[in-house]
Every structure is written in structure tokens, then in C-alpha cells.
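Enquirer: Handing you this structure, nothing more for now.
The values are calculated or read from the model by the stated rules, or taken from the named source; none is laboratory data. The structure displayed is predicted, hence computed values, not measured ones. So basically every Cβ, Gly included, is an ideal-geometry build from the backbone, and we count neighbours across all protein chains shown. Keep in mind that these areas ignore ligands, DNA and RNA; they rest on the heavy atoms of the full protein, side chains included. Shrake-Rupley method; radii C 1.70, N 1.55, O 1.52, S 1.80 Å.
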Amino acid sequence: MANTGSPCNAQPTPPIISDDKSHGQPLWLLAELTYKCPLQCPYCSNPLDFSDFGGELTTQQWLDVFQQGRDLGAVQLGFSGGEPLVRQDLIQLIGGAHEMGYYTNLITSGVGLNEHKMAEFQQAGLDHIQVSFQASDESVNSMLSGSKKAFEQKLKMAKEVKAQGYPMVLNFVTHRHNIDRIDRIIELCVELDADYVELATCQYYGWAYENVEQLLPTRAQLERAERITNEYRAKLAAEGNPIKLIFVTPDYYEERPKGCMNGWGQVFLTVTPDGKALPCHSARMLPIEFPNVTEVSLQEIWDTSPGFNHFRGNAWMKEPCRSCDEKDKDFGGCHCQAFMLTGDMYNADPVCAKSEHHHLIEEARERAEAVVNNPDEFTFRNERNSKVFAKS
Amino acid sequence: MSDIEITAASVPVLNKMFRFQWEKAQNCFVLLYPEGMIQLNGPAGEILGLVDGERSVAAITSELEAKFPDAGDLSGDIIEFLGEAHGQHWITL
Ligand SMILES: C[S@@+](CC[C@H](N)C(=O)[O-])C[C@H]1O[C@@H](n2cnc3c(N)ncnc32)[C@H](O)[C@@H]1O
Ligand code: SF4
Ligand code: SF4
């Protein structure tokens, strides 16, 4: 999911300092249908205080949002959450979106799925299923997901996805507890006949940020994993296997930040369970007023809302970004990361070596060398723990 | 795999992984796949639009030559494009 996807989004080429709010179309609409989830991954990117946002859009409200998105040019629709299968009306949402002409993606842990539902979803027009795994073996998977049965269920569902002829993406969030088994992870994906594999190095938002000490791998772990992935790529290609291994770059070990979401409000639009429209799935944490789809039309949200215009152009930038010749490449990096680590979302992403706060990232890397793996230190993503972070 | 030989009798099939459709917002034909989209140029869109698992390369060629009478002999271009499409796993033969 970190992969916002399409190679075809034309990036605007802004001049040196520009308040130009120009933007493309929201090609990617991510519908976070619910924050409910039977699992409790300690790396979950959902907000810590999700229990504060209990309300969910109705079926009709979602369909209405999908149609408005389609009219704005959106073509990819992701059903995510929380666990989207918790929504009893998922099949209606799939059917509606399919009729509108979307390519529909179900992003699921596989828990709550069965072959019967899968077949019904296909009839309704579901195009693709992405199944996430916590690990390549049952014990680590159980430890991370908080469910003993989840692993077997995932295996069964992944096989069924392929048996029914769906394209399948398998997603593994990697971190210090599972990354040393990357060989086994890749082999499992090959056995399951995945079309795409996302080896998604954990991104530190939401629960993952809370658990960063127990998650962040060491540099040696990462380099080893990347090397093994490259060896498998070469080997699989030589065998004529079309499987694609996508290794999502671990930004804590970079010297330049990622070009967040291909630019703020350029191609990506997320709607949260309670209807907040966001330019990226973690932006909810920022001190910015974001519009709600129950109150404002999607067109107005995308084209003119202050929330979506906030980081368009580059007039908002401070030094070192303002005079940096790379600002059109990474847009100053991730504002959420700047906010979480420095308290000021207008700062350069501390991942950048030019940032005066880069030492925070370096210190996290140093701590990773000293940490002893101890699952007891995880704060798991569940309703009870979320109440601790909730305001109400 | 991409060095497969394509002849007039070959029958290309769109890989199940991809969905082909016209996108008004993009003003072009596109191939959609999990979480992604490929925008096709005019000729690529015309050719893939006729790939249905039934038409042979010969049939596709004659239909397009009838549709674009000024374009002359298209068979070379079509075979070349289908070779690339096969290399990208967009089609099987
Ligand atoms: C938030 S989940 C919601 C859907 C479903 N519950 C699942 O886990 O597949 C969406 C996707 O994001 C991935 N993900 C969750 N937390 C992440 C993190 N901190 N970094 C990178 N990917 C993450 C999950 O593995 C999953 O593929
Ligand atoms: S990442 Fe884990 S905890 Fe978060 S929504 Fe998905 S399955 Fe649930
Ligand atoms: S200084 Fe700012 S714009 Fe320049 S590379 Fe670093 S984050 Fe990007």
C-alpha cells in the first residue's frame, strides 16, 4: 500500500519558489471502510487514537464518494481499513465501484474471508486481492497478529485467491523480528504463486511509530535482506518466473527522504471510516483541518480545500528545503515524519541529511544496534490500547 | 520469454492480470493492474482493443488496415508491438 502506484502521473515542474497549487487528478482513491480489525499488528499504520473515531459512513455515502471520485478521474479504488471484510456491505460497495468503471482492489489480512465470499466478490466485479502476512512462519505470525489461527487461514485464502483466477499481491511488512527470514518469505510467495510481492519495510506511522524500537531493523539486517531479494530476483527471472518482488525502501536508512505520495494532493486521496478526506493515510495526525466528505463535495475537497492545498506548491518551505535544488524531487519529504520527530510539519523530513534534525534518525539507527528483540515490549493495536491515546 | 515468434496465425490473449479500458480523464486507452495503470498511445490502444483471444494477428492486421487505409502495410508494426507487449507480460500467445 505504500506503493501509491501508477507510473503515469505527470509531475508538474514548478519553478523555484511557487505558490502554484496546480494538481493532477486523484487517480488513487483509498477507502478505509472501518477501523475495526480482528488482528492487532504492532506495526499497524492506523492512527493510535482510532477508537476516538467510531462513526462509519453508510453504504450510500460510500457509493456517493466513489462516484464523485470517478467523476474526478479516479481509476484505482482500494478497500482497506482496519479490516474491510468487517463491513457487511462490502459486496455492494464492490459492485457499485465496478459498475462505475473502477479497478477494484481488496486489501485484506484474509481473516474473515472464505471461498464462497471470494467467488461472490468476483461476480460483483472485484479485480484483485492483496493478502497481508505478518511472517513466513506460524509462530512469528501468531505473535505479531495476536491470533493463532491467522497464519493457516492466510495460507488457505492465498491459495484460493489464485484458484479463483484473481491477480494476487502478497504483502509482508518487514522489521527486525521477521526480516532475517526474507528468503523463506520469498519462497513462500513463490510457492503460493503470487503475481506481486510487496516486501514493505515498515514505515513508522501510527502504531509502528509507537513501537519503533522493537521494529526498526539494523542496517546489517536491511542490507542482507536487500541483497537476498536481489539474488532471488535474478534467479526467478532466469527461471522465467514473472513474479515481481517489490522491495519498499526503508527511509530510516536513507540520506534523502521519499517523495511523499508523489506530491501532496497530486494523485492520492484517502477517505477515513468516518469520512475525513486526506492526502495520505497518516495525515490525520497533522494540525490541519481536513474536510469531511459528508459536508463537502469531493471536487471542492480536491480542487480548493485548504487542507489539500496546504502543501501544494513550495511557498510553504523553510530552509534547508527552500533553497535546495532537490525540492522538486522529494517536495521536502514526509510532513508527518517531520511533525512526529520535530514537532513542526514545515521542517524538512529528518530523514534528509541536510536537516538539522537528521541526528534523530541517526540516533534511532544507533539504538537499533543495541535493542534486544522482546515481543513483550510491543504495544499491540487494539481497542483497549487505543483508548490510552484517545481524547474522549 | 520475449523472444517468442509471432506469426500471422498467432492468436494473442490479454493476460488475466490486466484490464483494458478507455479512460475519459486520461483521454486514452489504459491497462489496469493491481494498484497501477499503464497509459497506451494511439496505435497500442487500437491493437490491444482487438486482442480478444479469438482474432489472429492476420485478422487484427486486416481490420486495422481497413480502418486506417492511409497507413499502408501495418503487419510489421503490429507484430513488433505484440512482441513488446508479450515481453511486458501484457499478452500471452
Ligand atoms: C493498514 S492495512 C489494512 C488492511 C488489512 N487489515 C491488512 O492488514 O491487510 C493496509 C496495508 O498496509 C500494510 N501496513 C500496515 N502497517 C504498515 C506499516 N507501518 N508500514 C508499511 N505497511 C504497513 C498492511 O500490511 C496492509 O498491507
Ligand atoms: S495492519 Fe494488522 S492491525 Fe492493522 S488493520 Fe491490518 S490486520 Fe489490522
Ligand atoms: S533539503 Fe528538503 S528539499 Fe532538499 S533534499 Fe532535503 S528534504 Fe528534500
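Enquirer: How big is the B/A interface in buried accessible area, both sides summed, 1.4 Å probe, to the nearest 100 Å²?
Expert: Values: alone 5790 and 16370 Å², together 20340 Å².
Summing both chains' loss of accessible area gives about 1800 Å².
Enquirer: To continue, here is another question. Based on the alpha-carbon gyration tensor of the range A:301-349 and its eigenvalue square roots a ≥ b ≥ c, which shape applies: rounded if a/c is under 1.5, prolate if not and a/b is larger than b/c, or oblate? Before the final figure, lay out each step's value.
Expert: Numbers: a/c = 2.18, a/b = 1.27, b/c = 1.72.
Verdict is oblate for the range A:301-349.
Enquirer: For the range B:16-80, with every protein chain kept in place, what is the accessible area per residue (1.4 Å probe, Å²)? Please report the intermediate quantities before stating the final value.
Expert: Numbers: 3270 Å² over 65 residues.
On a per-residue basis, 50 Å².
Enquirer: Let me know the shape class of the range A:15-94, please: from the alpha-carbon gyration tensor, a ≥ b ≥ c as square roots of the eigenvalues, rounded when a/c is under 1.5, otherwise prolate if a/b is greater than b/c, or oblate. Numbers along the way, then the final one.
Expert: Values: a/c = 2.51, a/b = 1.42, b/c = 1.77.
The shape class here is oblate.
Enquirer: Please give the charge dipole size of the range A:183-328, origin at the Cα centre, charges +1 on K and R Cβ atoms and -1 on D and E Cβ atoms. Round to the nearest 20 debye. Could you put the intermediate results ahead of the total?
Expert: On the way: 15 positive and 24 negative charges, 57 e Å.
Computed about the Cα centre, the dipole is about 280 debye.
Enquirer: For chain A, what is the relative contact order in percent, using Cα pairs closer than 8 Å and at least 6 residues apart in sequence? Numbers along the way, then the final one.
Expert: Numbers: 736 pairs, mean separation 87.0, N = 392.
This gives 22 percent for chain A.
Enquirer: Right, here's the next one. So which residues of the range B:30-57 lose at least 10 Å² of accessible area, probe 1.4 Å, when you go from the chain by itself to every protein chain present?
Expert: B:Leu32, B:Tyr33, B:Pro34, B:Glu35, B:Gly36, B:Met37, B:Gln39
Enquirer: Can you tell which of B:Met17, B:Cys28, B:Ile79 lies farthest toward the positive end of the dipole of chain B, using +1 and -1 charges on the Cβ of basic and acidic side chains (Lys, Arg; Asp, Glu)?
Expert: Towards the positive end, the residue furthest out is B:Met17.
Enquirer: Where in the range A:172-260 are there GluC sites (Glu not before Pro) that are in a DSSP coil and have at most 12 other Cβ atoms within 10 angstrom of their Cβ? Provide the component values of the computation, followed by the final result.
Expert: Numbers: sites: A:Glu187, A:Glu191, A:Glu198, A:Glu210, A:Glu213, A:Glu223, A:Glu226, A:Glu231, A:Glu239, A:Glu254, A:Glu255; in loops: A:Glu239, A:Glu254, A:Glu255.
Hits after loop and neighbour filter: A:Glu239, A:Glu255.
Enquirer: While we're here: In whole angstrom, note down how far apart the Cα centers of the range B:35-81 and the range A:78-152 are.
Expert: First find each Cα centre; the distance between them is then 36 Å.
Enquirer: I'd like the FRET efficiency for A:Arg256 and B:Ala59, computed as 1/(1 + (r/R0)^6) with the beta carbon distance as r and R0 of 41 Å, rounded to 0.05.
Expert: Numbers: r = 51 Å, r/R0 = 1.25.
About 0.20, to the nearest 0.05.
Enquirer: P(r) for the range B:16-67: what percent of alpha-carbon pairs falls in each 10 Å bin, starting at zero?
Expert: 24, 49, 25, 2
Enquirer: How would chain B be classified by its alpha-carbon gyration tensor: rounded, prolate or oblate, with rounded meaning a/c under 1.5 and the a/b versus b/c comparison settling the rest?
Expert: The shape class here is oblate.
Enquirer: Okay, next question. Which of A:Leu29, A:Leu144, A:Leu90 ends up with the largest GNM mean-square fluctuation for chain A, with Cα atoms connected below 10 Å?
Expert: Greatest mean-square fluctuation among the candidates belongs to A:Leu90.
Enquirer: Let me ask something else. Per 10 Å bin, what percent of the C-alpha pairs of the range A:76-189 does each bin hold, from zero upward?
Expert: Values per bin, smallest distances first: 14, 46, 29, 10, 0.
Enquirer: Among the lysines, select those whose C-alpha is under 27 Å from the C-alpha of A:Lys21, and discard any that sit fewer than 8 residues away in the same chain.
Expert: A:Lys258, A:Lys276, A:Lys318, A:Lys327, A:Lys329, A:Lys354, B:Lys24
Enquirer: Further question: List the lysines whose Cα sits under 23 Å from the Cα of A:Lys149, skipping any in the same chain fewer than 8 residues away.
Expert: A:Lys36, A:Lys117, A:Lys159, A:Lys162
Enquirer: For chain A, set up a Gaussian network in which alpha carbons nearer than 10 Å are linked by springs, and say which option among A:Gln299, A:Gln40, A:Gln76 fluctuates the most.
Expert: For chain A, modelled as a Gaussian network with Cα springs under 10 Å, the answer is A:Gln299.
Enquirer: Counting only protein heavy atoms and a 1.4 Å probe, tell me what percentage of the protein assembly as shown's accessible area is made up of carbon and sulfur. Could you put the intermediate results ahead of the total?
Expert: Details: 10390 of 20340 Å².
Whole-percent figure for carbon plus sulfur exposure: 51.
Enquirer: Who wins for biggest fluctuation among A:Lys36, A:Lys276, A:Lys117 in a Gaussian network model of chain A, springs between alpha carbons below 10 Å?
Expert: The residue with the greatest mean-square fluctuation here is A:Lys117.
Enquirer: Report D for chain A in µm² per second (integer): Stokes-Einstein, Kirkwood Rh on Cα pairs, 10 °C, 1.306 mPa s. The partial results should precede the final answer.
Expert: On the way: Rh = 21.6 Å.
So the translational diffusion coefficient is about 74 µm²/s.
Enquirer: Moving on. Taking every pair of Cα atoms in the range A:252-367, average 1/r, invert it to obtain the Kirkwood radius, and report Rg/Rh to two decimals.
Expert: Values: Rg = 14.7 Å, Rh = 14.7 Å.
Ratio value, two decimals: 1.00.
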